[in-house]
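Heads up: the structure comes next, in structure tokens.
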Amino acid sequence: MKKTLLLFIMFSVLLLAQTKQTSVLNLEQAISLALEKNADLKIASMEVNKSEEKLREARSGLFPKLDVNGQYQRYIDKPVIFLPPGSPLGQTLTIGSDNSYSAAASLSVPLFAWSLYQGIGLASDALTISQENYRSVKNKVVGDVKKAFLAVLLTRETKDVMQQSLKNAEDNFENIKRLNSAGTLSDYDVLRAEVQVENLKPTVLQMENNYVLSLEALKVTIGLDANQDIDVIGEMNFEEPYQIPTQQDVIDELIKNNPQLAILENQVKLNDRNISLENSAYLPTLAGFGSYQYQAQANDFKFSDYNWVKTFVLGVQLQIPIFNGFKTQARVSQAEIGLNQSVEQKRNFTEALKTQALSILYRIEQAVKRIEGQNKTVSQAAEGYEIAKRRLANSVAIQLEVNDAELALRQAKLNRLQAIYDLKVAEADLENVLGRIK
């Protein structure tokens, strides 16, 4: 019994450990998961599928239409024919039988219908718009994941910097206590060093909390379950020399690839085609048709004795619109207004996108300058901190000087991290605007 209970406990522990296994993700894996699980992207994909079916529906109008129907009627009172006064047959003549059967097949095919072709074009344009919308949603999802992933890297490396500062302060505290015991430094220096350590502990704890919260935010962005533990691998790197794109290259790529701009461009095409569709109401339509009917009537149900009659008809139908109360003219005018609206909307959005892209480019330029400046500052601050520690050890400096040097080193590292983060976020925004996600 004890062995069984022990095995059960061990199995439960192993199962719990597997359930809580941490998934370690790099940026590419995080993006891949988001593209698989994101609800907005799934909805956009379904919209593409629906548009494909709508195009298929529009094209079905080009095919012949075949209908088959059957009918049985039981006459309670048979139909009559009214005869002229004085007829030897009386005033009315009853016709038909108690039972009537008919089966018919009808076939129709459009020979010329301009509205049908324009409707297919509209459905095709709508499909293109839904595909561009899918690409736009995909761009946004990838951009959001990148920025959430970068936030995790930033909080993790900020936490590491603060933990290193705390370790420096603790090492310095121990060193000062030794120097104080040797009579080199005063009790005031010991007190200042201890205060420095205690002041850093809450900040380190806050950075650790921020890191956990950023991981939770990344899970939400990806679409993972709340009970799924994750961690990330990657670093906030900056590779030199950094090539900043020119304004003209950015604008050219923007106009060529931005999915939102492509949606508006296709909306203009769709509205232009809609004018042709409304104008098609002025044009005649021509269709061919055929009908085959098989029918019989009788007062009994002796089907073998029935006299079945066949009727077969072929023909064409021409419909010419003459006047419909200016309805077509009003609908054409509405379509023209819709086209003008979409053209104006596209123009305004293009200018706004150019401004946005150039603003992002300015952020990139400023972030690169800050990083280049902070690289030198971090190096100088690290050297200054080492000098301050040596001066303190040789009793030619006070504890306050070491604190200031450590604070300068910490701030320089944090400033450099923030600059790299700002650069990476700006790059993600630029990729989104330029539609570089395929």
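The values are calculated or read from the model by the stated rules, or taken from the named source; none is laboratory data. Bear in mind the structure is a predicted one, so any value in this text is a computation, not a measurement. Note: ideal-geometry Cβ built from the backbone for every residue, glycine included; neighbour counts use all protein chains shown. Ligands, DNA and RNA are stripped out before the accessible areas are found, and what is left, the full protein with its side chains, is counted by its heavy atoms. Shrake-Rupley method; radii C 1.70, N 1.55, O 1.52, S 1.80 Å.
A compact table of results
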read-out: Count of residues meeting criterion [surrounded by 11 or more Cβ atoms within 10 Å (Cβ to Cβ) and within 60 Å of the chain's Cα centre (by Cα)] in the stretch 280-315; value: 17
read-out: The stretch 334-356 residues that are of a type in the set (Val, Ile, Thr), paired with ones that are open to solvent by less than 80 Å² (accessible area, probe 1.4 Å) (beta carbon under 7 Å, 6 or more apart); value: Val343/Val268; Thr350/Leu261
read-out: Enumeration of residues in the stretch 316-333 that are β-branched (Val, Ile, Thr), touching a residue at least 40 places away in the same chain (Cβ under 8 Å) and open to solvent by 80 Å² or more (accessible area, probe 1.4 Å); value: Val316
read-out: Residue in the stretch 116-125 that is touching a strand residue (DSSP E or B) at 6+ places or on another chain (Cβ under 7 Å) and of a type outside the set (Gly, Ala, Ser) present; value: yes
read-out: Filter result for Glu431 (charged (D, E, K, R) and either open to solvent by less than 70 Å² (accessible area, probe 1.4 Å) or farther than 22 Å from Met236 by Cβ (or both)); value: yes
read-out: Number of the condition not met by Leu314 [criteria: (1) at pLDDT below 90; (2) in contact with a Gly (Cβ under 6 Å, 6 or more places away or on another chain)]; value: (1)
read-out: Residue match in the stretch 239-251 (condition: under 22 Å from the mean Cα position of the chain (by Cα) and at pLDDT 90 or above); value: no
read-out: Qualifying positions in the stretch 394-435 - touching a helix residue (DSSP H, G or I) at 6+ places or on another chain (Cβ under 7 Å) and part of a loop (DSSP other than H, G, I, E, B); value: Ala397, Ile398, Gly435
read-out: Evaluation of Leu224 against (1) of a type in the set (A, V, I, L, M); (2) open to solvent by less than 70 Å² (accessible area, probe 1.4 Å); (3) in contact with an Asp or Glu (Cβ under 9 Å, 6 or more places away or on another chain) (one fails), failing number; value: (3)
read-out: Val190 among the aliphatic types (A, V, I, L, M), within 47 Å of the chain's Cα centre (by Cα) and part of a helix (DSSP H, G or I); value: no
read-out: Answer residue from the stretch 206-261, given it is among the hydroxyl-bearing types (Ser, Thr, Tyr) and part of a loop (DSSP other than H, G, I, E, B) and is nearest to Gln366 (Cα to Cα) among those; value: Tyr242
read-out: Odd one out for Gln71 among (1) in contact with a strand residue (DSSP E or B) (Cβ under 8 Å, 6 or more places away or on another chain); (2) over 23 Å from Asn271 (Cα atoms); (3) surrounded by 12 or more Cβ atoms within 10 Å (Cβ to Cβ); value: (3)
read-out: Some residue of the stretch 334-350 being small (Gly, Ala, Ser), open to solvent by 100 Å² or more (accessible area, probe 1.4 Å), in a helix (DSSP H, G or I) and out of contact with any Lys or Arg (no Cβ under 6 Å at 6 or more places or on another chain); value: no
read-out: Test: residue in the stretch 236-244 that is among the β-branched types (Val, Ile, Thr) and in contact (Cβ under 8 Å) with a residue 24 or more places away in the chain; value: yes
read-out: Any hit, the stretch 234-251, residues being open to solvent by 80 Å² or more (accessible area, probe 1.4 Å), farther than 30 Å from Lys42 by Cα and hydrophobic (A, V, I, L, M, F, W, C); value: no
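Okay, residues lined up against (1) open to solvent by 20 Å² or more (accessible area, probe 1.4 Å); (2) of a type outside the set (Asp, Glu); (3) at pLDDT 85 or above:
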{"residue": "Asn139", "(1), (2), (3)": "no, yes, yes"}
{"residue": "Phe149", "(1), (2), (3)": "no, yes, yes"}
{"residue": "Leu166", "(1), (2), (3)": "yes, yes, yes"}
{"residue": "Ser186", "(1), (2), (3)": "yes, yes, no"}
